[in-house]
Amino acid sequence: MKYLITLFLLVSLSGYSQQELTHDVYFDTDKYEVPLTEENRLLLFISSLDSIPVEKVSIYGFTDDRGTNEYNLELSQNRANTIKDMFSGYGIDPDLITNVNGKGEILLKVLNEEEVHQIRGLNRKVEVIVTKKTPKKDIKEAVEIVDKEKTKEKTTDDIKKGTVKKGDKIRLDKIYFKTSYSYVTSSSKKTLEELAKIMVENKNIYFTIQGHVCCTQNSRDAVDKKTGKRNLSVARARFIYDYLAKKGVDKKRMKYVGMRRKFPLGGAPELDRRVEILVTYVTEKN
């Protein structure tokens, strides 16, 4: 048993190369639900990715050698799908997950008959491989994202002038949120009041409120300290939605969505604790 534990640790640590991190999740016989102890281990691994720029995530499912080939392929795919859902549920951008494959059984290789049970237990698993980004690519992509986002930016003055059209984006300057919370700072309330007035007066504008967060890696959402949930960008967009609805903006004209940290602006962190308005439809004024 000591040999098996040592082998397990060596296999786990060997994945932590310069460009790749690995983690194995182990399952009970014929099951694809993650045991609680394994879920806790996986959450620790996912949390460790907060400070690491990720290029992609690959997820591979496996079974032991019992069962038919067809059964093992299906079970291994279900295990891989379960881990994918957990990664997405805990804030990892689904676009980063490029491979989710069930590989079927791992053939039993035993040196000692007493080890059969333990070896099969290690074969019932999902292997996660996280590939890190190179710094140069990180910088290039960040610049491209910011440039792309700036090309269609408008202001609330354009709404008043009637010069906005479908696809235009309006960054709400001077509306900032308290760190780790979904409500705005006191200095932002005046700007929010002005926004509500503009939106009430311009009933021909239909729009989506997009919430953003700062200071996370891998396009992850941040944790809302009020609720403990990793959905802060959604909560910020919902805060603005509820405020505008309370001030008289028709809910039929509005939607809200969390953008996690897909589009950082760079500079001071408070600039990314923001909301933007995406114009989705413009009708003629009555």
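Read-outs: derived from the displayed coordinates by stated rules, not from any lab. Source: prediction; values computed, not measured. With ideal geometry, Cβ positions are generated from the backbone for all residues, glycine too; neighbour counts draw on all protein chains shown.
The table for this structure:
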| item | result |
| --- | --- |
| Sum of -39500 (n - 2.57) over DSSP H runs of 4+, divided by residues of the chain (222 nm, nearest 500) | -11500 deg cm²/dmol |
| Contact order relative to length of region 2-133, as percent, for alpha carbon pairs under 8 angstrom and 6 or more apart | 37 percent |
| Rounded, prolate or oblate (a/c below 1.5 giving rounded, otherwise prolate when a/b exceeds b/c) for the chain by Cα gyration tensor | prolate |
| Residue-count net charge about Val249 - beta-carbon cut-off 11 Å; Lys, Arg +1, Asp, Glu -1 | +4 |
| The chain: relative contact order in percent, alpha carbon pairs under 8 Å with at least 6 residues between | 19 percent |
| Amide H contacts of Val54 (H built 1.01 Å from N, under 5 Å, at least 5 apart or other chain) | Lys133, Asn218 |
| Neighbourhood net charge (10 Å Cβ-Cβ; Lys/Arg +1, Asp/Glu -1) for Asp158 | +1 |
| Greater than 20 Å apart at Cα, pairs in Lys154/Lys174; Lys161/Lys285; Lys197/Lys262; Lys125/Lys262 | Lys197/Lys262; Lys125/Lys262 |
| Region 138-282, relative contact order in percent, only Cα pairs under 8 angstrom and at least six apart counted | 34 percent |
| Antiparallel content of DSSP bridges confined to region 2-133, in %, to 5 | 70 percent |
